[in-house]
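Here's the structure we're looking at; comments come further down.
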Amino acid sequence: MFNLNEFVFYPGYGVCIVESIAKQKIGSTELSFYNIRVLENNAKIMVPVKNEAEAGFRLLIKENEIQKVFDVLEEKCVKKPFAKKESWNKRFNGYNIKLCSSCLFEVAEVLRDLYILKCEKELSFAEKKMFEKAKHLIIKEISTVMNRPETFVEERIKKIFIKKPESSPNLNLNA
């Protein structure tokens, strides 16, 4: 169970804060809900406490795990060359599953793979949106954990990608 004012990651939404835990009667059953606020847009969401695992709720990564995220981004080759072999819609579906997971390392794989693909060819509109979402989820969580500005984390990610394939003319992190 999560505590009040605790930061959590909610797949698809990103970093949230638990604002309250309330009980509500629905029919004849009383259920406990987390009332969370998405930091990005201040949206408020109620999530049943009993569904926290199914919803993919998790605490933010620990500070000592941040380097592992950067290590994933720095990997020189894609372990599964999924991005290069599959059609855009299969890539999209595969990456969407990872983006909606509660694992930040999978989100980092999406960002890395799409960046590598972007260096080779133009991304589709959907892939560009996915690239931006992955980048944003990573930046928001790491900056929250480190208690640093998002621009600090974004610059660190840009430095990683600038080291990527030197022969590529498209080294812009913006999609």
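The values are calculated or read from the model by the stated rules, or taken from the named source; none is laboratory data. As the structure is a prediction and not an experimental result, all values here were calculated from the model. FYI the Cβ positions are ideal-geometry reconstructions off the backbone, even for glycines, and counts take in every protein chain you see.
Here is how the numbers come out for the structure above:
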item: Selection count, segment 105-153, where residues are within 20 Å of SER87 (Cβ to Cβ) and not in a helix (DSSP H, G or I); result: 4
item: Neighbours by Cβ (under 8 Å, 6+ apart or cross-chain): first from segment 31-49, under 20 Å from LYS133 (Cβ atoms); second surrounded by fewer than 14 Cβ atoms within 10 Å (Cβ to Cβ) and modelled with pLDDT under 95; result: ILE36/MET46
item: Members of segment 118-151 found to be aliphatic (A, V, I, L, M) and exposed (fewer than 14 other Cβ atoms within 10 Å of the Cβ), listed by number; result: MET146
item: Test result for SER124, at pLDDT below 95, within 27 Å of GLU54 (Cβ to Cβ) and either basic (Lys, Arg) or not assigned by TED's automatic domain parsing to the domain that holds TYR13 (or both); result: no
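Yes/no matrix, rows are residues, columns are (1) in contact with a helix residue (DSSP H, G or I) (Cβ under 9 Å, 6 or more places away or on another chain); (2) buried (at least 16 other Cβ atoms within 10 Å of the Cβ); (3) closer than 18 Å to MET1 by Cβ; (4) assigned by TED's automatic domain parsing to the domain that holds GLU132:
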site	(1), (2), (3), (4)
ILE21	yes, no, yes, no
GLN24	no, no, yes, no
ASN41	no, no, no, no
LYS50	no, no, yes, no
ALA53	no, no, yes, no
GLU75	yes, no, no, yes
LEU99	yes, yes, no, yes
ASP113	yes, yes, no, yes
ILE116	yes, yes, no, yes
